[in-house]
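Take a look at the structure below.
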2 protein chains.
Amino acid sequence: MGKRFAAGIDIGGTNTVIGLVDEQGGIAGRASILTAGFDAAEDLVKAVCEKTVALCAQHGNATLMGFGIGAPSANYYSGCIEHAPNLKWSGVIPLVSYFTKHLQLEAVLTNDANAGALGEMLFGAAKGLKDFLFVTLGTGLGSGIVVNGQLVYGHDGMAGEMGHVILIPDGRLCGCGRKGCLETYCSATGIRKTFLEKSGRKDHPEIDAKSIFDLAEEGDVFAIESFKYTGALLGLALANSVAYTSPSHIFLFGGLAQAGERILQPTRKSLKANLLHIYKNKVKLGLSQLAENDAAILGAASLIWNKHQPANS
Amino acid sequence: MGKRFAAGIDIGGTNTVIGLVDEQGGIAGRASILTAGFDAAEDLVKAVCEKTVALCAQHGNATLMGFGIGAPSANYYSGCIEHAPNLKWSGVIPLVSYFTKHLQLEAVLTNDANAGALGEMLFGAAKGLKDFLFVTLGTGLGSGIVVNGQLVYGHDGMAGEMGHVILIPDGRLCGCGRKGCLETYCSATGIRKTFLEKSGRKDHPEIDAKSIFDLAEEGDVFAIESFKYTGALLGLALANSVAYTSPSHIFLFGGLAQAGERILQPTRKSLKANLLHIYKNKVKLGLSQLAENDAAILGAASLIWNKHQPANS
């Protein structure tokens with residue numbers, strides 16, 4: 001029997017990325033397919049299966065353990081993508097059954113942030129931890145909650161939408177149609193809005209989290225204030241989150257997390273100030289240790305490896 | 001071998017209540033001891049053990065499976081009561097080890113709301129459910145979170161403090177020293193404060209949740225408004241909670257929950273209005289089916305029965 005791999009598949013609005021991931025989190029091969037090039041989801045799945053088989057062929061007698069799939073609006077229990085606003089296929093897409101129809105292998109689907117949390121637990125900073133939060137600060141705010149070593153899926157497979165906790169009643173309008181959701185403040189999009197509000201520069205379409213970070217490093221007062229404000233709200237929201245599942249660690253990931261101490265410092269300060277006394281000095285806040293470019297693949301592959309005994313851990 | 005019982009022990013500031021509970025949730029015998037009568041916690045434990053043995057003796061050859069104990073500020077993992085503000089023993093009390101020292105039987109400790117959630121799952125409205133929230137609306141607001149059939153304890157045994165989620169930043173001063181905690185609004189104490197604020201009657205020391213309910217039933221506008229306001233905030237907080245663990249059901253318990261539809265109706269309305277679209281029409285809000293007087297004993301005994309195969313379920 002050859003080396004064993006799990007296929008980690010990340011389905012995004014633009015690209016679908018495939019990676020062959022071994023038990024230690026090594027990525028042996030990669031491929032990318034244009035998601036938007038397929039009018040039918042089943043045709044994309046067929047192409048993904050063929051590419052994966054081709055990647056395996058390059059590794060001799062490789063054994064493919066199954067497909068772990070991260071996708072937006074994914075339901076773990078049903079194996080369906082449900083009404084994803086960023087994908088061109090409307091309605092409910094039975095993705096897992098498309099996979100198992102093409103190749104008789106295990107296929108597991110969940111949303112990107114949940115997959116990221118598992119990836120962190122198997123291959124990143126959360127190795128050996130049983131209770132932690134994984135928070136992605138990208139276009140929106142995604143979250144994966146791990147309790148007692150298990151990812152929280154909820155009764156319907158849709159748990160962990162911390163980005164849509166209403167932090168500021170009647171606050172900023174969210175893409176979900178409600179107001180004041182955490183992700184309208186604490187995300188790459190959120191800090192952009194904060195910076196534009198604070199600086200009064202409503203005419204800066206090119207401003208993004210990275211350029212606000214650069215401005216802050218150069219001493220721009222509005223940029224510095226924007227990070228402080230974002231961290232203050234994120235710290236409050238995380239302190240509230242701790243009261244639910246009492247995690248030992250919180251890991252930040254994604255574009256905004258790449259600002260490092262610039263976002264960690266005000267978040268840590270606010271988390272500490274807002275934590276209930278019984279949790280004080282117990283929760284560690286840090287950055288994900290998954291490389292930005294590998295995280296989606298590793299997270300997706302973790303859906304398969306998490307079900308099998310790891311070799312050396 | 002005689003009939004099997006678990007001892008359900010509820011340690012309160014005033015009384016400690018003991019009940020012998022069978023596998024079906026039947027309570028075969030009860031006793032009560034003045035908590036405040038014991039300067040040392042170990043002496044109370046000794047008295048509880050003796051009373052429990054005496055209760056068992058009244059049931060012939062009864063087999064005692066162990067002690068399930070509900071107490072404030074209880075840590076499930078350490079088996080200790082930690083700095084409970086309402087008990088006269090200060091510091092960290094190793095309660096479980098006191099029990100096992102006196103009788104070589106299993107002893108399990110957790111806080112009252114967590115025990116209540118287990119009681120609801122084994123003997124109440126949550127039978128067969130795997131993902132639900134149990135919320136007690138008493139002097140404060142307590143919560144027990146069940147995920148995938150397991151109570152959430154968190155890394156330190158102290159999870160499920162939903163009453164201390166900060167709902168209104170810089171809001172009402174909470175007993176925990178912070179401001180705006182959910183329980184300062186949504187509890188028997190919270191609705192009292194709301195009523196006094198709305199009515200301007202700051203001189204009503206005898207007003208409580210029950211009398212506000214009676215006033216509302218009589219048509220008092222301030223009392224009616226107080227229930228609406230409390231329900232609106234509770235519904236928002238519950239909608240936020242759903243975004244974490246996606247429960248199928250939420251059960252309300254305790255003094256304020258006894259107002260029935262008077263509190264359920266505005267809470268349900270607000271929950272529905274504030275739920276993220278993916279959760280809409282999936283979460284049922286209802287009342288606990290544990291009798292107010294039995295709940296603490298049944299919940300505590302559930303800590304033992306939950307570890308053993310139930311006879312008929």
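Key figures for this structure:
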{"quantity": "Kirkwood Rh (inverse of mean 1/r, distinct Cα pairs), the protein assembly as shown, angstrom", "calculated": "26.0 Å"}
{"quantity": "Crossing angle, helix B:188-199 versus chain B [Cα axis fit, 0-90 degrees, rounded to tens]", "calculated": "20 degrees"}
{"quantity": "Relative contact order (%) - chain A, alpha-carbon pairs under 8 angstrom, separation at least six", "calculated": "20 percent"}
{"quantity": "Fraction of antiparallel bridges per DSSP, chain A only, in percent to nearest 5", "calculated": "55 percent"}
{"quantity": "DSSP beta bridges in the protein assembly as shown [antiparallel fraction, %, rounded to 5]", "calculated": "55 percent"}
{"quantity": "Within a Gaussian network of chain B (alpha carbon springs, distance under 10 Å), most fluctuating of B:GLY163, B:GLY235, B:GLY37", "calculated": "B:GLY37"}
{"quantity": "Contact order relative to length of the range B:125-287, as percent, for alpha carbon pairs under 8 angstrom and 6 or more apart", "calculated": "24 percent"}
{"quantity": "Neighbouring partner chain Cβ atoms per residue of A:143-156, average, 10 Å criterion", "calculated": "6"}
{"quantity": "Reachable lysines, given that their alpha-carbon falls under 26 Å from the alpha-carbon of B:LYS202 and they are not under 8 places away in the same chain", "calculated": "B:LYS179, B:LYS193, B:LYS210, B:LYS228"}
{"quantity": "Cα-based convex hull volume of the range B:125-287 per residue, rounded to whole Å³", "calculated": "116 Å³"}
{"quantity": "Computed over the range B:39-129: relative contact order in percent, which uses C-alpha pairs under 8 Å that are six or more apart", "calculated": "30 percent"}
{"quantity": "20 Å binning of all Cα-Cα separations within chain A, expressed as whole percents from 0 upward", "calculated": "33, 56, 11, 0"}
{"quantity": "Shielding of A:165-177 by partner chains, average beta-carbon count, 10 Å", "calculated": "3"}
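Readers should treat all values here as calculations from the given coordinates under stated rules, not as data from a laboratory. What you are looking at is a predicted structure, and each value in this text was computed from that prediction instead of being measured. Glycine also receives a Cβ, built like all others from the backbone with ideal geometry; neighbour counts cover every protein chain displayed.
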